[in-house]
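Here, each number is a calculation from the coordinates, and none is a lab measurement. Bear in mind that the values here come from a model prediction, so they are computed numbers and not experimental data. Backbone-built Cβ (ideal geometry, glycine too); neighbour counts: all protein chains shown.
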């Protein structure tokens, strides 16, 4: 598909007539405004005939699926992987600020004195706010190249207590598992019967500790991430003398995000666009199964768009959200001698930036790692490696990187009537 904009920049229906597009570009009647997905803008006044195009959005906390369809054909399909490292980065920043208070340096107020924003109505955490922003951003980008008539998003609200305890009913919702305990530590000790979960009392150590299965930075202080250990086993575990296979229960972070997304994203889109509708996961599943379709983010998005049997697009666009500005000067780990390694990398290495799109003898890919020797790690955006060490002399720059790099990957579709 070649996506077409009018002379005034309004999106028109795309075309698959590559010969006509080539003639328009050669005669100067059109110009290229975007390489991926390939988009041209007409330099003359044309008709504005448009079909009914529906955009299905398969929302998610990690991957977003998009599919723009008509009654007969899928015009655009994309999978976007969004960032999930914001909580970790904020935790690292908090550790540095906490340590700065105990060192001889400029004074920083305690965090408890700077929480006015969290008391405001409608406040969202930075991680959730960023994910909602990326959902809107990718929807806006599709509107820039296609005349979307209506948007259908899949929303859902999860009962977190029902997930933990399927048999919960009535007033049990007001009586959580920690009811009657002073703090989380007391609850965890009682839950484990005040017994070490490794030696089960064989060490005869009367001192009990609460151990984090995953690091506090990643897993937090949730009871599902805590376990009771005696002081002896706790010390051996951290010193590496013993190992365990404890695994925390599946966190409910994604379910909580989807419940928040249901109201926030839907209301924001309604204020921005017309004809915004919502659907639910059980409806999408029923449509997919009834039409014998595979489980996939873009397939779900096509079912959400109410055109599940539309002819599938030959190209699947894959995009990832990357972090561009890194203001941290040093790495977190302190080396021997009390020094820290410089974290910031030069903006350009031999003229190339991270995630620049380049062409080599194996096709087009993105730079995932750079070396001062001139040998780069080149991969597709789906993490398929092309070169572990490709020389910069044998590659050619195609596009500069941005916060949302996108790449088209040809689908393996067996169609006897396809001319592509």
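Of the residues 295, 175, 393, which exhibits the maximal mean-square fluctuation in a Gaussian network model of the chain defined by a 10 Å Cα contact cut-off? Ranking 295, 175, 393 by mean-square fluctuation puts 175 first. How far apart, in nm, are two points set 7 Å out from the Cα along the Cα-to-Cβ line at residue 252 and at residue 325? According to this spin-label approximation, the distance is 3.6 nm. Here the chain carries DSSP beta bridges of which approximately 75% are antiparallel, counting only pairs with both residues inside. Of 352, 187, 173, the residue with the greatest mean-square motion in the GNM of the chain, using alpha carbon springs below 10 Å, is 173. Helix 281-290 and the longest principal axis of the Cα set of the chain meet at an angle near 50°.
Counting only alpha carbon atoms, the long axis of helix 253-272 and the longest principal axis of the chain meet at about 40°.
Legend: Rg and Dmax of the chain, from Cα coordinates, 26.6, 88 Å. With the simple model of a label 7 Å out from the Cα in the direction of the Cβ, residue 49 to residue 333 spans 6.4 nm.
To the nearest 0.05, what FRET efficiency results for residue 137 and residue 23 with a Förster distance of 45 Å applied to their C-beta separation? Provide the component values of the computation, followed by the final result.
Details: r = 34 Å, r/R0 = 0.76.
After rounding, the FRET efficiency stands at 0.85.
Extension gain, residue 275 to residue 396: 0.36 nm times the residue separation minus the Cα-Cα distance gives 39.2 nm. Its relative contact order, with pairs defined as Cα atoms under 8 Å and 6+ residues apart, puts the chain at 18 percent.
With r as the distance between the Cβ atoms of residue 88 and residue 190 and R0 = 30 Å, compute the FRET efficiency 1/(1 + (r/R0)^6) and round to 0.05. Display every interim value, and only then the final one.
On the way: r = 31 Å, r/R0 = 1.02.
Here the calculated transfer efficiency is 0.45.
The stretch 60-86 and the stretch 268-340 have Cα centres separated by 5 Å.
What number, in percent, do you get for the relative contact order of the stretch 325-404 if the mean sequence gap of Cα pairs under 8 Å and at least 6 apart is divided by its residue count?
Values: 134 pairs, mean separation 19.1, N = 80.
Result for the stretch 325-404 is 24 percent.
This ranking places 20, 121 by how few other beta-carbon atoms lie within 10 Å of each, fewest first, which gives 121, 20. With R₀ fixed at 51 Å, the C-beta to C-beta distance from residue 410 to residue 204 puts the FRET efficiency at about 0.20. Computed over the alpha-carbon atoms, the stretch 178-239 gives an Rg to Rh ratio of 0.97, Rh here being the Kirkwood radius from the mean inverse distance. To the nearest ten degrees, helix 86-101 and the longest principal axis of the Cα atoms of the chain are 50 degrees apart. Here the stretch 125-183 and the stretch 216-253 have alpha carbon centers that stand 27 Å from each other. Would you look at the GNM of the chain, springs on alpha carbons closer than 10 Å, and say which of 185, 379, 288 moves the most? Largest GNM mean-square fluctuation: 185.
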